[in-house]
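The values are calculated or read from the model by the stated rules, or taken from the named source; none is laboratory data. Computed from a prediction, not measured in an experiment: that's the story for all the values here. Don't worry about glycine lacking a Cβ; one is built from the backbone with ideal geometry, like all the others, and counts go over all protein chains shown. In case anyone asks, the SASA skips ligands and DNA or RNA and just uses the protein heavy atoms, side chains included. Shrake-Rupley method; radii C 1.70, N 1.55, O 1.52, S 1.80 Å.
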Amino acid sequence: MRDFEYEAPSTLDAAVALLAEHNGSARPLAGGTDLIDHIRTDRLAPNLVVDIKKIPELNILEHSADGLRLGAAVCCSRIYGDETIRQQYSALADSASIIGGIQIQNRASVGGNLCNAGPAADSTPSLIALGATCVIAGPNGRREVPVESFCVTKGKTVLEPGEILVELKFPSRPSGSGSHYRRFIPRNEMDIAVVGVGASVTLDGDTISDARVSLGAVAIVPLLAKEVNDALIGKPATDETYKAAGEVARSIIDPITDMRGTREFRIHVTGVLVERVLREAVARANS
Amino acid sequence: MSSKRIVTCTVNGREESFLCKPQQTLLEVLRDVLDLTGTKEGCSNGNCGACSVLMDGKVVDSCLVLAVECEGVELETIEGVADHGHLAPVQNAFLENAALQCGICTPGFIMATKALLKQNPNPSEQEIRFSLAGNLCRCTGYDKIIRAVQDAADHKIA
Ligand SMILES: Cc1cc2nc3c(=O)[nH]c(=O)nc-3n(C[C@@H](O)[C@@H](O)[C@H](O)COP(=O)(O)OP(=O)(O)OC[C@H]3O[C@@H](n4cnc5c(N)ncnc54)[C@H](O)[C@@H]3O)c2cc1C
Ligand code: FES
Ligand code: FES
């Protein structure tokens, strides 16, 4: 692997200063499950790697009346190991438990999954569905960006050189809400999503009072499917509604054909997954 | 050129200090610096699990860990599994079930199995298959490995 320097600062200020000083030639290291391979294969060529796992803010996992605060470096196995996340933010636990195998889950963070900005990243649709916000720190202070606006294109985010994703903030879950993430892959595990769908719904009796659906691997970045949300809100929680929502999802995407699936197949699977994910999210909201 | 760092950590219960460059992976240091060649290299990109070791009790792919990240951690490799020259139950279960052919995946499977059984002493077949999905084997077809893990869990083999 190419030569680089390594620092493991224990404060956020020190990490931001190091990244800013190197003006784009430094990379943050969380679990390294993307970064180390990207350096080895010369897709990235940093002169400095800044290990961010020793910074307390990036390891936070805290529930309060305001919701959930999740540090950007918290690994997947810690996420699905948290009982409250499993119950209240189930879509996030679903995503964390299908990223790679256990060896990957013990290292890979959801923050890194998001910052890597892959179109098929399995955590991003769940973050979008659950309404998470990115807290970003940089040389000019802090700013917040909703997750659906964080990825700009494949491999690129809104982060400027010197900026770091600190945490993801999730609003508290209203009563009567449920969420789910599911992907289609040809194997049972260890594969990249052909399509991934995350959804969160809130029920008022039998009526869907709120819905957020996000689609992954069907565009250059994961999408918040506003038209699908609109097709759900105010409707009864029935198979007919889910089917109609699946049709709307099919009509708003423009996926590519690649080795994992043709455009036609992706469009078809998107509708099927939207239906299934909504059915499960509603079942969870009811339980 | 980056300079070498000194890293101190515990390896199989013994404190070790080694010199490494920031770009050296834990896998490289285990094999080339500490001469612990039981940990195998398959893919070097996180897909095969041949390089699995326990880091603070959790199974990780050592090809995706920088050796400099190991300051102060506790590592366990395949060399630390047998007890004073006596094979551990998991190792015996693999032998008794013929759960290996060429053997290159075996150290990784044993480390992943150790981590699984510590967390879940009685896993179902489904749970075993799911937990070992990060370990690939080109020879056995997996069934014998699954049976070995079930035997190790049942303590059928001492
Ligand atoms: C065998 C294998 C299987 C996989 N399977 C899946 C899968 O099924 N689904 C899936 O979605 N992904 C999968 N992945 C990829 C997944 O492991 C990564 O996307 C992971 O989540 C990235 O997190 P990390 O902590 O390892 O990040 P790193 O590799 O440390 O970082 C990823 C990138 O983000 C940057 N970065 C990290 N943290 C921050 C931060 N806080 N602020 C700013 N920039 C940051 C880094 O500089 C780097 O460019 C797999 C990977 C492997 C090796
Ligand atoms: S060599 Fe590390 S996972 Fe294959
Ligand atoms: S025994 Fe040969 S790869 Fe598993």
## Note on the structure
Of the residues in the stretch B:27-43 that are more than 16 Å from B:ALA115 (Cβ to Cβ) and open to solvent by less than 10 Å² (accessible area, probe 1.4 Å), the one that is nearest to ligand 2 (Cβ to nearest atom) is B:LEU27
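Where in the stretch A:1-51 are there strands (runs of 3 or more DSSP E), lying fully within it, with 2 or more residues that are open to solvent by less than 20 Å² (accessible area, probe 1.4 Å)? Break it down into steps so the answer makes sense when it comes.
Values: elements: A:5-7, A:26-29, A:48-51.
The qualifying strands (runs of 3 or more DSSP E) are A:26-29, A:48-51.
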### Task
State whether the residues of the stretch B:88-111 include one that is in contact with a Lys or Arg (Cβ under 9 Å, 6 or more places away or on another chain), within 12 Å of another protein chain (Cβ to nearest Cβ) and within 16 Å of ligand 3 (Cβ to nearest atom).
yes
### Query
For B:PRO123, which of the numbered conditions (1) part of a loop (DSSP other than H, G, I, E, B); (2) in contact with a Cys (Cβ under 6 Å, 6 or more places away or on another chain); (3) open to solvent by less than 70 Å² (accessible area, probe 1.4 Å) fails to hold?
(2)
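Starting from residues that are surrounded by 24 or more Cβ atoms within 10 Å (Cβ to Cβ) and of a type in the set (A, V, I, L, M), keep the ones in the stretch A:117-140 and report whichever is nearest to the other protein chains (Cβ to nearest Cβ). Give the derivation first.
We begin by selecting, within the stretch A:117-140, every residue surrounded by 24 or more Cβ atoms within 10 Å (Cβ to Cβ); these are A:121-130, A:132, A:134.
Checking the rest, the ones that are also of a type in the set (A, V, I, L, M) come to A:121, A:127-130, A:132.
Values: A:ALA121: 15, A:LEU127: 22, A:ILE128: 26, A:ALA129: 24, A:LEU130: 24, A:ALA132: 26 Å.
The selected residue is A:ALA121.
Going by the structure shown, is B:ASP143 more than 16 Å from ligand 1 (Cβ to nearest atom), on the phi < 0 side of the Ramachandran plot and open to solvent by less than 50 Å² (accessible area, probe 1.4 Å)?
Against the criterion (more than 16 Å from ligand 1 (Cβ to nearest atom), on the phi < 0 side of the Ramachandran plot and open to solvent by less than 50 Å² (accessible area, probe 1.4 Å)), B:ASP143 does not qualify.
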### Task
Mind listing whichever residues of the stretch A:22-38 are of a type outside the set (Gly, Ala, Ser), out of contact with any strand residue (DSSP E or B) (no Cβ under 6 Å at 6 or more places or on another chain) and more than 9 Å from ligand 1 (Cβ to nearest atom)?
A:ASN23
### Summary
Among residues of the stretch B:5-20 being in contact (Cβ under 8 Å) with a residue 24 or more places away in the chain and over 17 Å from B:ALA115 (Cα atoms), the residue surrounded by the fewest Cβ atoms within 10 Å (Cβ to Cβ) is B:THR8
### Message
With the requirement that a residue be more than 16 Å from ligand 3 (Cβ to nearest atom) and open to solvent by 30 Å² or more (accessible area, probe 1.4 Å), what does the stretch B:126-140 give you?
### Response
B:GLN126, B:GLU127, B:PHE130
#### Entry: Checking B:LEU116 against (1) within 14 Å of chain A (Cβ to nearest Cβ); (2) in a loop (DSSP other than H, G, I, E, B), the condition it does not meet
(2)
### Task
Please state which of the following conditions B:SER2 fails to meet, knowing it meets all the rest: (1) within 13 Å of chain A (Cβ to nearest Cβ); (2) buried (at least 20 other Cβ atoms within 10 Å of the Cβ).
(2)
### Message
If a residue must be open to solvent by 30 Å² or more (accessible area, probe 1.4 Å), under 21 Å from A:PHE184 (Cβ atoms) and of a type in the set (A, V, I, L, M, F, W, C), how many such residues does the stretch A:80-116 contain?
### Response
1
### Task
Could you identify the single residue in B:ALA82, B:ALA99 that is free of Cβ contacts under 8 Å to residues at least 24 places away in the same chain, more than 16 Å from ligand 2 (Cβ to nearest atom) and either open to solvent by 30 Å² or more (accessible area, probe 1.4 Å) or not charged (D, E, K, R) (or both)?
B:ALA82
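I'd like the residue in the stretch B:44-60 that is within 16 Å of ligand 3 (Cβ to nearest atom) and in contact (Cβ under 8 Å) with a residue 40 or more places away in the chain and, out of all such residues, is most open to solvent (accessible area, probe 1.4 Å).
Of all residues in the stretch B:44-60, those within 16 Å of ligand 3 (Cβ to nearest atom) come to B:44, B:47-52.
Then keep just the ones that are in contact (Cβ under 8 Å) with a residue 40 or more places away in the chain; that gives B:47-52.
On the way: B:ASN47: 82, B:CYS48: 21, B:GLY49: 1, B:ALA50: 9, B:CYS51: 4, B:SER52: 3 Å².
The residue in question is B:ASN47.
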